1. Considering every residue within the stretch 11-24, establish whether at least one is part of a loop (DSSP other than H, G, I, E, B), closer than 27 Å to R91 by Cα and modelled with pLDDT of 85 or more.
2. Where residues in the stretch 45-87 are touching a Cys at 6+ places or on another chain (Cβ under 8 Å) and outside any loop (DSSP other than H, G, I, E, B), which of them is surrounded by the fewest Cβ atoms within 10 Å (Cβ to Cβ)?
3. Kindly indicate whether L30 is open to solvent by 70 Å² or more (accessible area, probe 1.4 Å) and aliphatic (A, V, I, L, M).
4. Cβ contacts < 8 Å: first residue over 18 Å from S46 (Cα atoms) and among the hydroxyl-bearing types (S, T, Y), restricted to the stretch 72-87; second residue assigned to a helix (DSSP H, G or I) and open to solvent by less than 50 Å² (accessible area, probe 1.4 Å), any location; separation 6+ or different chain. Result?
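The values are calculated or read from the model by the stated rules, or taken from the named source; none is laboratory data. None of these values were measured; they are calculated from a predicted model. Here the Cβ positions follow ideal geometry from the backbone for every residue, glycine too, while neighbour counts run over all protein chains shown. Just so you know, the surface numbers come from the protein's heavy atoms only, side chains and all, with ligands and any DNA or RNA stripped out. Shrake-Rupley method; radii C 1.70, N 1.55, O 1.52, S 1.80 Å.
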Amino acid sequence: MIRKLTSSLVLAAAVTAGANPALAVTTDPLTKEVMVCSQDQTTARSYERAYGERPVFMTARQVLEADRGWEAPRCMSEREYAELVRLNEARARAR
């Protein structure tokens, strides 16, 4: 399964079907888009076909600390996604 998350601090999520990152379309050339990606070869090949590069996995903190976006979505594990949600909720409560 792959989930695409969009926004400067990943405020909205869209679930894509199956292990096909081609369904997650990048509209802005430099965004902070991340997807929950499996770390298997099928997902890696699908991602590479869609974006022309191997998937780059990031941690939740790396996504939040990045000072600029990227052209192709970055990947993260389910665990890191949960951490990203937790960190975003903590930031929202602190405001």
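1. Scanning the stretch 11-24 turns up no residue that is part of a loop (DSSP other than H, G, I, E, B), closer than 27 Å to R91 by Cα and modelled with pLDDT of 85 or more.
2. Filtering first and then ranking leaves F57.
3. Yes: the conditions hold for L30.
4. What qualifies is Y81/A60.
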